[in-house]
Amino acid sequence: MKTRIREFREQRGWTQEQLAKMVGVTRQTILFLEKGKYNPSLRLAHRISQAFERPIEGVFSFKDER
């Protein structure tokens, strides 16, 4: 899964730690999400998209990567 989390986070001047606190996860979770090494639950994807005030599809790319 590809995300635009880092791009949007940096545009706002937020650290990984700040975003993590906003959405209720650890900084490591944000790091793994940004690197594409972790697929979030639908609930977490929703919280992250709300933090950025964007639709989930604007933050996450769910294209089949086979």
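Cross-link partners of Lys63 among lysines, defined as those whose alpha carbon lies under 19 angstrom from its own and excluding same-chain residues fewer than eight positions apart: Lys2, Lys35, Lys37.
Here the relative contact order of the chain, from alpha carbon pairs under 8 Å that lie six or more residues apart, stands at 43 percent.
In order along segment 21-28, the phi-based Karplus estimate (6.51 cos²θ - 1.76 cosθ + 1.60, θ = phi - 60°) of 3J(HN,Hα) comes to 5, 5, 9, x, 9, 8, 4, 4 Hz; Gly and Pro are listed as x. Computed with a 1.4 Å probe over protein heavy atoms only, the accessible surface of segment 10-66 comes to 71 Å² per residue. For a paramagnetic label modelled at 7 Å from the Cα of Arg6 toward its Cβ, which residues of segment 20-34 fall within the zone defined by backbone nitrogen distances under 13 Å? Output list for this probe position: 30-34.
In the list (i) 0.95; (ii) 1.00; (iii) 1.46, the label attached to Cα Rg over 2.2 N^0.38 Å as derived from the coordinates here is (ii). Sequentially through segment 10-16, phi angles give Karplus couplings (6.51, -1.76, 1.60; θ = phi - 60°) of 5, 4, 8, x, 8, 7, 4 Hz, Gly and Pro residues having no value and appearing as x.
When a 1.4 Å probe is rolled over the protein heavy atoms, the share of accessible surface on the chain that falls to carbon and sulfur comes to 47 percent.
The values are calculated or read from the model by the stated rules, or taken from the named source; none is laboratory data. Every value quoted in this text rests on a predicted model; they were computed, and no experiment measured them. Neighbour counts run over all protein chains shown; Cβ positions are idealised from the backbone, glycine included. SASA here: full protein model, heavy atoms, side chains in, ligands and nucleic acids out. Shrake-Rupley method; radii C 1.70, N 1.55, O 1.52, S 1.80 Å.
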